[in-house]
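Visitor: Could you have a look at this structure, given as structure tokens, before my questions?
The values are calculated or read from the model by the stated rules, or taken from the named source; none is laboratory data. Please read all numbers here as calculations on a predicted model, not as lab measurements. Neighbour counts are summed over all protein chains in view; Cβ atoms, including those assigned to glycine, are modelled from backbone coordinates with ideal geometry.
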């Protein structure tokens, strides 16, 4: 199985996984933070609340800095398609690339309007500033939808005809709207919004734990947390629909997620555990017939197992275990998130105030990191579960990889890891510095929140 | 229609070379500014002038690459399979530049600040050199990573970006009231223009020896009007800057650099890779072309007003901090 593959396969896969795993961390805030910021600005304008406006303005600074980092990591990804997977794009670019053409449009809009929004604070009339900002959330959603369209195409390819290894015709609509887009889009969009909500709120949960209990802290916590708390239960439903759709669309991935080896009815749901090469599952909790019930609402539902796929057409044992565990932990974290959301919504609804238990804020502080982790795990589930295919059932990853020497890709990977670590360090340093300065400002020091930020407005003349 | 898609690609590359070139050029002058008080002042101006635009130019790059893999998948595969090393180096410059531009705003200690300056400057050299080098390898037709053509194109690109950068910095120095820097960048713009003319001539010699067909098309074929334009516009722009006539020099600078890109592209058309791959051979099926054109039209309809808004606000001073 491993003979005659390009030597660069392993480093290429690791490099792609590394750069994508990094980029995907920037996506929730990139896509959903403008919505939270505008929501806060809207509240500030509607209630004439200067504190809400101050929060929105600070958030917009974080949003802009993180957009700049995302622009760099995103550009790198587009080059990696050529450096690592030239044969996939060479064959399918005409169909697979369509989504990215639209993504370019969205990226353009975001770049311009983030600039206008950030610079426009207190310099444009308040209402104009708010209205111009309203371009950002739909532009973000459009961008996410088009990238997901490309990813969904890899999972359920279609809309093209092949002749002699070349795409001879393209059906634009079916290439842009592959079947998997229907569930991938909603699942990921909700994930982005609720992650952004939990992440932003977690900062102010920490502030609560440290004893800050003013209007500023309450507002900055409640707005994003409410958004996340409303969306999280819905995500359980959408996630369930997505998994169920895989039964038909990508049965090998589904079998890997559930570590199902033999095709059978009364298939148990295995929670945790690892499978070995001969299909035996070790450890883990097995709940009889539950998988069959979840798939077909009856224990008699037959579920297809991994052993029915040729060994070179399904994920290998390591990949199956990775997919399965990632899926289980993702679902587990999702349920914890939904429980936390229910706790919050219950208190807000019945008592008309925010929760006051320390434990609630401890969990809320963890919810930010937890939802980042959940996004990563969901991404691992869908990407590793598709192996060994880059285009499901059509092209193997090993047939798409570059012919460049492995040593080159390993070196490039090393350089990327080092530079990404530097960028992460700079990014975090900058955020901490901003946070410290804003706290000083709250204690009476004057200044505009954007001053000194790399992408912030310039003073009219040079100093000194 | 395939020619139209190729033209959209050319516009993307030209936009990146001109608008991106201005930014990279500023980075090159940043590298050369040194640690003297005047150099520090120059660096401050560069920082100031560049802050709001740099990340936007990545948009042109992403747009171009998307047009290549969607519109000309075979070109994408061929070029990247051969030139991956060049693109990896260009990318490295791109990441380091972005990271260290941000970092030098955060760096507290003078020593770390100097390191950040250095990395930022060096990466501003890497990226334009290697992106242009890849075009050189394509223009040669042989897609060799290291050849007279890659070096020649890379050097021309450095001279051109340095020229664009200085030309725009002259205007920025005036705009931000840094009068003592006007002369500083005037001199540098003229030096860069002379360098550009010298390296450009050498590059023509390299083209003549490596790909005579392309040389002929540049000076006697489809590339001629643009080759002439760049040969006229570069000295005229430099002359205006030297004389201190600051009305049109930026437009002429962009015209000079843009014409250079056009001269190369038109000279090698209908080939995407001379002697190997034509536009018609590499083009994606018609529906894909239609979608690309639709996206382009929407882009123009949406982006032109958006950029117009940005420029309008900027000119009104609506985006400046109030005087402190």
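Visitor: Residue check, residue B:143 against (1) at pLDDT 85 or above; (2) buried (at least 22 other Cβ atoms within 10 Å of the Cβ); (3) more than 14 Å from the chain's Cα centre (by Cα), all met but one. Which one?
Guide: Checking residue B:143 against (1) at pLDDT 85 or above; (2) buried (at least 22 other Cβ atoms within 10 Å of the Cβ); (3) more than 14 Å from the chain's Cα centre (by Cα), the one that fails is (2).
Visitor: If you scan the range B:145-181, which residues turn out to be free of Cβ contacts under 8 Å to residues at least 12 places away in the same chain and away from every other protein chain (no Cβ under 14 Å)? Spell out how you get there, then give the answer.
Guide: Step one: list which residues in the range B:145-181 are free of Cβ contacts under 8 Å to residues at least 12 places away in the same chain, which gives B:146, B:175, B:177, B:179.
Scanning the range B:145-181 gives a single hit, B:146.
Visitor: Does any residue of the range A:320-340 turn out to be in contact with a helix residue (DSSP H, G or I) (Cβ under 9 Å, 6 or more places away or on another chain) and farther than 27 Å from residue A:367 by Cα?
Guide: Yes, some residue in the range A:320-340 is in contact with a helix residue (DSSP H, G or I) (Cβ under 9 Å, 6 or more places away or on another chain) and farther than 27 Å from residue A:367 by Cα.
Visitor: Out of A:175, A:150, which single residue is touching a strand residue (DSSP E or B) at 6+ places or on another chain (Cβ under 8 Å), within 14 Å of chain B (Cβ to nearest Cβ), assigned to a helix (DSSP H, G or I) and modelled with pLDDT under 95? I'd like the intermediate steps shown before the answer.
Guide: On the way: A:150 fails: touching a strand residue (DSSP E or B) at 6+ places or on another chain (Cβ under 8 Å).
Testing whether each residue is touching a strand residue (DSSP E or B) at 6+ places or on another chain (Cβ under 8 Å), within 14 Å of chain B (Cβ to nearest Cβ), assigned to a helix (DSSP H, G or I) and modelled with pLDDT under 95 leaves just A:175.
Visitor: Tell me which residues, restricted to the range B:73-89, are at the interface with another protein chain (Cβ under 8 Å from one of its Cβ atoms) and crowded, with 20+ Cβ neighbours inside 10 Å.
Guide: Correct list: B:73, B:74, B:76, B:77, B:78, B:79, B:80, B:84, B:87, B:88.
Visitor: Given the conditions (1) crowded, with 24+ Cβ neighbours inside 10 Å; (2) closer than 18 Å to residue A:100 by Cα, report the number of the one that residue B:27 does not fulfil.
Guide: Unmet for residue B:27, out of (1) crowded, with 24+ Cβ neighbours inside 10 Å; (2) closer than 18 Å to residue A:100 by Cα: (2).
Visitor: Right, another one. Is at least one residue of the range B:293-313 in contact with a helix residue (DSSP H, G or I) (Cβ under 7 Å, 6 or more places away or on another chain), outside any helix (DSSP H, G or I) and either at pLDDT below 90 or more than 10 Å from every other protein chain (Cβ to nearest Cβ) (or both)?
Guide: Of the residues in the range B:293-313, the ones in contact with a helix residue (DSSP H, G or I) (Cβ under 7 Å, 6 or more places away or on another chain) are B:293, B:295-296, B:298-299, B:302-303, B:306-307, B:309-310, B:313.
Pick out the ones that are also outside any helix (DSSP H, G or I) and you get none.
Taking every residue of the range B:293-313 in turn, none turns out to be in contact with a helix residue (DSSP H, G or I) (Cβ under 7 Å, 6 or more places away or on another chain), outside any helix (DSSP H, G or I) and either at pLDDT below 90 or more than 10 Å from every other protein chain (Cβ to nearest Cβ) (or both).
Visitor: Suppose we filter A:113, A:100, A:130, A:107 for residues that are more than 9 Å from chain B (Cβ to nearest Cβ), within 28 Å of residue B:301 (Cβ to Cβ) and part of a helix (DSSP H, G or I); which single one remains?
Guide: Working: A:113 fails: more than 9 Å from chain B (Cβ to nearest Cβ); A:100 fails: more than 9 Å from chain B (Cβ to nearest Cβ); A:107 fails: more than 9 Å from chain B (Cβ to nearest Cβ).
Just one listed residue meets the conditions, A:130.
Visitor: For residue B:244, all conditions in the list (1) at positive phi; (2) buried (at least 19 other Cβ atoms within 10 Å of the Cβ) hold save one; what is the number of the exception?
Guide: (2)
Visitor: Can you tell me which residue in the range B:46-61 is farthest from residue B:23 (Cα to Cα), limited to those that are surrounded by 24 or more Cβ atoms within 10 Å (Cβ to Cβ) and at the interface with chain A (Cβ under 7 Å from one of its Cβ atoms)?
Guide: Top of the filtered list is B:59.
Visitor: Just one of (1) more than 9 Å from chain A (Cβ to nearest Cβ); (2) buried (at least 24 other Cβ atoms within 10 Å of the Cβ); (3) closer than 28 Å to residue A:176 by Cβ trips up residue B:67, so point out which.
Guide: Of the numbered conditions (1) more than 9 Å from chain A (Cβ to nearest Cβ); (2) buried (at least 24 other Cβ atoms within 10 Å of the Cβ); (3) closer than 28 Å to residue A:176 by Cβ, the odd one out for residue B:67 is (1).
Visitor: I've got another one for you. Any chance the range A:159-174 includes a residue that's on the phi > 0 side of the Ramachandran plot and touching a helix residue (DSSP H, G or I) at 6+ places or on another chain (Cβ under 6 Å)? Spell out the reasoning first.
Guide: Pass one, the range A:159-174, residues on the phi > 0 side of the Ramachandran plot: A:159, A:164-165.
From the residues that got through so far, the ones that are touching a helix residue (DSSP H, G or I) at 6+ places or on another chain (Cβ under 6 Å) too are A:159.
Yes, some residue in the range A:159-174 is on the phi > 0 side of the Ramachandran plot and touching a helix residue (DSSP H, G or I) at 6+ places or on another chain (Cβ under 6 Å).
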